[in-house]
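All remarks here apply to the structure that follows.
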Amino acid sequence: MKKAMITGITGQDGSYLTELLLEKGYEVHGIIRRSSSFNTARIDHLYNDPEILNKSLFLHYG
């Protein structure tokens, strides 16, 4: 399985790239900025999917 790391995964471009790579079978590791709010609105549909989270999508604070 190919792996990818995306900085800014919760941004517009990062969220689109995440969807594309997951569809292509990649294991995606995303970097989330440490902030006072956990803003994952653009990837919530992926983040809340138990088939994806921690199997092919991993989120890390940076």
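Where a number appears in this text, it was derived from the coordinates with a stated rule and is not lab data. These figures come from a predicted structure and were not determined experimentally. Note that each Cβ is placed from the backbone with ideal geometry, even for glycine, and that neighbours are counted across all protein chains shown.
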- Mean separation of Cα pairs under 8 Å and 6+ residues apart, divided by the residue count of the chain: what relative contact order is that in percent? 38 percent
- Cα centre as origin, Lys/Arg/Asp/Glu Cβ charges: segment 3-61 dipole, Debye: 260 debye
